[in-house]
Amino acid sequence: MQDSSTEERIAYGGQAVLEGVMMRSRGCVATAVRHPAGQIVVRARPVVTGRLAKALRRVPVLRGVAALWDILLIGMRSLAFSAEVAIEDESDQSDVEPAESEGSSFVWASLAFGLAIGVGLFFVLPIFVTRIADPSIESDLLSNLLEGLVRLVLLVAYLSIIGLLPDIRRTFEYHGAEHKTVNAVEAGDELTVDNVMLHSSTHPRCGTNFLLIVVVLSILVFATLGRPDLPLRIGSRIVLVPLIAGLGFELIRFLSRHTENFLAKVLLRPGLWLQAITTRPPKPDQVEVAIVAMDQVLRAESEERAAPPTTLHYVLRS
């Protein structure tokens with residue numbers, strides 16, 4: 001079991017990717033993916049903190065914006081790596097590393113496209129939906145609250161609908177495996193499949209919690225802005241997204257450090273409920289992949305260096 005100083009130094013997190021899991025600590029990020037032939041392919045890298053994130057490390061809210069940008073980049077790079085492994089021919093079982101894609105235009109294009117879709121769907125579209133009812137709404141506050149309600153309904157509906165897709169459902173299973181593994185590490189348990197399977201598939205630092213917090217905060221912030229003309233109303237939503245995201249980062253960071261506090265439990269509860277949509281009970285072989293990714297991170301931390309050298313290797317299933 002880790003001592004308290006180690007726990008304060010290391011913050012574990014992760015992300016489900018295509019047929020795999022990405023795990024990270026402050027110094028190392030490792031992505032493990034199930035190859036079509038059955039082996040687990042692993043890539044471990046040091047976490048390189050961007051200059052902006054370093055400069056803003058002690059500035060509340062702004063440090064959250066910079067950290068979220070780094071998290072998005074790491075997530076997209078891990079997703080690109082998992083896609084390369086997942087589409088490899090099953091007969092290809094060599095130790096040859098897939099083509100390097102971390103600095104490719106694909107990652108940047110995917111990140112830009114994802115952000116544009118996210119902002120458009122959850123921050124701009126609700127404005128147009130609300131405008132249908134606006135002529136009969138006299139109160140600016142009520143109009144903004146209705147817009148926020150539409151945003152919340154869109155988020156829940158979107159997550160529920162994509163969860164019906166078979167490939168996304170499998171990704172949600174890996175999401176559950178990621179949470180179980182992080183929970184096992186934080187509980188000090190040995191990382192075996194049997195031990196990990198006993199843990200919860202929810203976690204207070206989950207990105208699902210963050211999304212819900214951002215939506216709720218947006219309702220509170222936008223409720224104070226009145227009802228300006230359409231271009232200004234749209235512009236205000238887009239411009240304030242980073243600020244709201246930074247506030248959300250600070251809030252979830254605070255709440256996850258005080259999970260034993262009654263108020264924190266109450267505030268985190270809706271996000272944990274929402275994780276019932278974005279996680280599914282994982283299978284043992286999916287938990288195995290998550291354990292391999294976390295093992296790489298733990299090795300790097302135990303050796304007190306940022307991360308192992310850039311590696312890619314196959315680990316035979318037990």
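The values are calculated or read from the model by the stated rules, or taken from the named source; none is laboratory data. No experiment lies behind these values; they were computed from the predicted model shown. So basically every Cβ, Gly included, is an ideal-geometry build from the backbone, and we count neighbours across all protein chains shown. The protein model used for the area step is the full one, side chains on, heavy atoms only, and it has no ligands, DNA or RNA in it. Shrake-Rupley method; radii C 1.70, N 1.55, O 1.52, S 1.80 Å.
Of note:
- Between D285 and S105, the simple label model (points 7 Å from Cα in the Cβ direction) yields a spacing of 3.8 nm.
- Segment Q39-R26, length gained on full extension (0.36 nm per residue, minus Cα span): 2.0 nm
- Nonpolar atom fraction for the chain, defined as the carbon and sulfur part of the 1.4 Å probe accessible area, stands at 64 percent.
- Fraction in percent of alpha-carbon pairs per bin - 10 Å, the stretch 141-260: 12, 31, 30, 18, 7, 1
- Between the C-alpha center of the stretch 147-180 and that of the stretch 12-85 there is a gap of 20 Å.
- Mean residue ellipticity (222 nm) of the chain, computed from DSSP H runs ≥ 4 via -39,500 (n - 2.57), nearest 500: -19500 deg cm²/dmol
- FRET E, pair R58, A223, Förster distance 22 Å, beta-carbon r, rounded to 0.05: 0.15
- Judged by the mean number of other Cβ atoms found within 10 Å, the most tightly packed of the peptides 31-38, 131-138, 74-81, 145-152 leads the ranking 74-81, 31-38, 145-152, 131-138.
- Residues within the reach of a label modelled at L121 (point 7 angstrom out along Cα to beta-carbon, backbone nitrogen below 15 Å), restricted to the stretch 258-302, are 278.
- 0 to 90° range, to nearest 10: angle between helix 284-302 axis and the chain longest Cα axis: 80 degrees
- Listed values (1) 42; (2) 38; (3) 46, entry calculated as percent of Cα pairs over 27 Å apart: (3)
- Computed extension gain for A157 through D194, at 0.36 nm per residue and net of the alpha carbon distance, reaches 9.9 nm.
- For L72 and V129, the difference between the fully extended length at 0.36 nm per residue and the C-alpha to C-alpha distance is 17.7 nm.
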